[in-house]
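Below is one structure; the comments refer to it alone.
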Amino acid sequence: MAVQISPSILSADFARLADEVAAVPNADWLHVDVMDNHFVPNLTLGLPVVEALLKAATLPIDCHLMITDPDRWAPAYAEAGAGSVTIHAEASSAPVRTLREIRSLGSRAGLALNPATAVEPYDDLIGEIDMLLLMTVEPGFGGQKFLDMVLPKIRRARGLIERHGGEVWLQVDGGVSADTIERCAEAGADVFVAGSAVYGADDREAAVASLRSLAEGAV
Ligand code: DX5
Ligand code: ZN
């Protein structure tokens, strides 16, 4: 299990996105939250901005689609060149088809679960995905308080992934900070999204480095 850090640009300065992306050269991914004001009560950005970020960024892009009907919209993000495309289980009516399509277009396929969604019903989908994303806040906004109640699910998800061979990455998203990242790593997460903990810091690069060392120290 290798620790990876994926700063979320949701907390970045949207008027200076290219600079904000360049401020985290030591990250592994750039987490881009696509929200449609329908699946979640917030609106962010869509495919044109992701296409612009793909041109501006040297890091691979980790697209987190918090949108209704991802079966219709997700493949375009893979086609555009996102390194990873994650859809929400709660929003997809044909996840097997969509996840296979994402993979066939050359991206890693991710499945996201909200805090109240149990992981066990998705056991049979583990073979269809490259990453499982467990939300540690209700999706929609940055800067929310980490939900400790998700920790037992992180442990159970790590168990399911190990039973399937251990290849699937386990991402946590929401309230991940210097105060909470060790608990997540210890429970079995290996990919850490951090919005305000990175873009709320004066030195973004130092924030990434310190989150990484805390997570590595916890496993
Ligand atoms: C929230 C988004 C997150 C958000 C996390 O719904 O999916 O990626 O940016 O922000 P922080 O790290 O501030 O909780
Ligand atoms: Zn996210």
* Once amide H atoms are placed 1.01 Å from N in the peptide plane, what residues at a sequence separation of 5 or more from Ala194, or on another chain, have their amide H within under 5 Å of its amide H? -> Ser6, Ser8
* Asked: Give or take rounding to whole Å, what are the principal axis extents of the alpha carbon atoms in the chain, in descending order?
  -> 43, 38, 30
* To do: Evaluate the distance, in nm, between pseudo-label points positioned 7 Å from the Cα of Leu47 and of Arg97 along their respective Cα→Cβ axes.
  => 1.8 nm
* Asked: Taking the alpha-carbon centroid of each part, what is the distance from region 66-92 to region 135-211 in angstrom?
  -> 21 Å
* Structure fact -> For the chain, the per residue accessible area (1.4 Å probe, Å²) is 41 Å²
* **Kirkwood hydrodynamic radius of region 1-108, from inverse mean 1/r over distinct Cα pairs, in Å** => 14.1 Å
* Lys55 paired with Ala116, simple spin-label distance in nm, labels 7 Å along Cα-to-beta-carbon -> 4.2 nm
* **Candidates Leu111, Leu133, Leu17, ranked by Gaussian network fluctuation over the chain, Cα under 10 Å, top entry** => Leu17
* To do: Compute the relative contact order of the chain as a whole-number percentage, counting only Cα pairs closer than 8 Å that sit 6 or more residues apart in sequence.
  => 21 percent
* Asked: Within the accessible area of the chain, what % is carbon and sulfur when the probe is 1.4 Å and the other protein chains stay in place?
  -> 51 percent
* Structure fact -> For region 55-172, the Cα gyration tensor yields equivalent-ellipsoid semi-axes (√(5λ), largest first, whole Å) of 22, 17, 14
* Dipole magnitude of the chain about its Cα centre, charges +1 at Lys/Arg Cβ and -1 at Asp/Glu Cβ only, in debye to the nearest 20? -> 220 debye
* To do: Would you work out which of Leu10, Phe146, Pro25 lies farthest towards the positive end of the dipole of the chain? Charges go on Cβ: Lys and Arg +1, Asp and Glu -1.
  => Phe146
* **Residue-by-residue Karplus 3J(HN,Hα) for region 124-141, coefficients 6.51, -1.76, 1.60, Hz, glycine and proline x** => 5, 8, 4, x, 9, 10, 9, 8, 10, 10, 9, 6, 10, 8, 5, x, x, 9
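The values are calculated or read from the model by the stated rules, or taken from the named source; none is laboratory data. This structure is a prediction, so every number in the text was calculated from the model and none was measured. Positions of Cβ are backbone-derived with ideal geometry, glycine not excepted, and every protein chain shown enters the neighbour counts. Accessible surface is based on the protein model in full, side chains and every heavy atom, while ligands, DNA and RNA are left aside. Shrake-Rupley method; radii C 1.70, N 1.55, O 1.52, S 1.80 Å.
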